[in-house]
1. Test of understanding: among B:18, B:31, which residue is modelled with pLDDT of 95 or more, over 13 Å from the mean Cα position of the chain (by Cα) and farther than 30 Å from residue A:8 by Cα?
2. Please find, within region A:198-212, the residue that is nearest to the other protein chains (Cβ to nearest Cβ) out of those that are surrounded by 13 or more Cβ atoms within 10 Å (Cβ to Cβ) and either in a helix (DSSP H, G or I) or in contact (Cβ under 8 Å) with a residue 40 or more places away in the chain (or both).
3. Identify, from the list A:64, A:164, A:101, A:113, the residue that is more than 14 Å from chain B (Cβ to nearest Cβ), under 22 Å from residue B:149 (Cα atoms) and in contact (Cβ under 8 Å) with a residue 60 or more places away in the chain.
4. Give the residues of region B:167-197 that are more than 14 Å from chain A (Cβ to nearest Cβ) and free of Cβ contacts under 8 Å to residues at least 12 places away in the same chain, sorted by residue number.
5. Quick test for you: out of B:34, B:26, B:12, B:55, pick the one residue that is under 30 Å from residue B:146 (Cβ atoms) and away from every other protein chain (no Cβ under 14 Å).
6. I'd like to verify a number: residues in region A:116-152 that are of a type outside the set (D, E, K, R), away from chain B (no Cβ under 14 Å) and surrounded by fewer than 22 Cβ atoms within 10 Å (Cβ to Cβ), how many?
7. Restricting the search to region B:72-88, which residues are crowded, with 16+ Cβ neighbours inside 10 Å and not in a helix (DSSP H, G or I)?
8. So residue A:24 ticks every box in (1) part of a helix (DSSP H, G or I); (2) under 16 Å from the mean Cα position of the chain (by Cα) but one. Which box is left unticked?
Protein chains: 2
Amino acid sequence: MSAKIKIEKKVLSENDKIAAEIRERLHQNDIVSLNFVSSPGSGKTSLLEKTIARLGKEIDIGLIAGDVQTENDANRLKAAGGEIVRPVVTGGLCHLDARMISKALENLDLEDIKMLFIENVGNLVCPSSYDLGEDMKVVLVSVTEGDDKPLKYPAMFRRSSVMIINKTDLLPHCDFNMETARMNALKVNGKLKIFEMSCRAGDGLDEWYLWLKSLMTR
Amino acid sequence: MSAKIKIEKKVLSENDKIAAEIRERLHQNDIVSLNFVSSPGSGKTSLLEKTIARLGKEIDIGLIAGDVQTENDANRLKAAGGEIVRPVVTGGLCHLDARMISKALENLDLEDIKMLFIENVGNLVCPSSYDLGEDMKVVLVSVTEGDDKPLKYPAMFRRSSVMIINKTDLLPHCDFNMETARMNALKVNGKLKIFEMSCRAGDGLDEWYLWLKSLMTR
């Protein structure tokens, strides 16, 4: 085994240990947590903006917004009404890891929130390897990216519980087959719960909100 | 310095050494080489398909098509008329590295080609750190990804020589400001050469082809 692979295995196993601690803390506080992952520009921040604006009064939502170099996403989420928003700048690193989340949680009173959204770095590869202690990963794809993405980047879809197919308002202008996309995704992970939506046009959002609310009563 | 950072520095310096060897070999054979990078689904493969179909008879083009798990892109490029196509499957790794390119070149007679296109893994973060021995990186963004991408993922735009703004046919349906995108890109890298195009509609491709041909006569 090369030195590089050995170090990577060690890093991942340390990460998993911290993630397990985070998961336990969140569960002790009855907090439901979702880790949002996707390519850059698939609409993670837009979805979270809409979700906060709609559900922020009903559910106490905490947000951890990860970004490579800027705090732009965190600022957008605050402007959308997010009251508890913690930016995490990875300093060039291509993913969030459990240590960053653990540090962000130090500045967050867990009694104040019932739901935690983590917005990961825009990257369909690397964040799949890092457990952040979340209850589930939500992977977004936009219809402009093509219906083959689950086959080409299978790890992320295998490790996610939910897939959101976003920007459905652009379907008439793209070569994207919804049935093919669903089939490709389910081939990789038969348990995926799939939502179709257009954050921009507002289509499909009600079903998403209802589902999020149902998580709170489990 | 942590063990992980030390190992990463060593990996990168080994990579740079191999990349320098590749660059020398390509130059000795008068081969112009471009490394195409972008998020998943920005249109790298589509652009290469069109480019092969249009220029393949005039220029001897070699293609190295990188992918995380499949050979789908390589197969598309062959179907589009690519005669010399070498797939590289990274086995889950989030980027191509110089060693992979060096290995792919073993199966390629350099006297047969005048231009080498390398299609990197779809990832706007990690491939920026890996020199593959190419003459220049070409970064694609599609208008659906938003005009803020150069600011949010600056390393890739800083290390690229060319930026292609793709899917301009979708401009009427997106909140994308072309001037803002150009300004953001030039803020990060004032030397970027910028093309606007729609691979799907065919807009802007002629300028791209002319520019590629001009590289051959330098």
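The values are calculated or read from the model by the stated rules, or taken from the named source; none is laboratory data. Small disclaimer: the values here were computed from a predicted structure and weren't measured. Glycine gets a Cβ as well: all are built from the backbone with ideal geometry, and neighbour counts include every protein chain shown.
1. From the options B:18, B:31, the qualifying one is B:31.
2. A:200
3. The conditions single out A:164.
4. Across region B:167-197, the qualifying residues are B:179, B:183, B:186, B:190.
5. The unique qualifying residue is B:34.
6. 1
7. Passing the criteria: B:80, B:82, B:84, B:85, B:86, B:87, B:88.
8. For residue A:24, the exception is condition (2).
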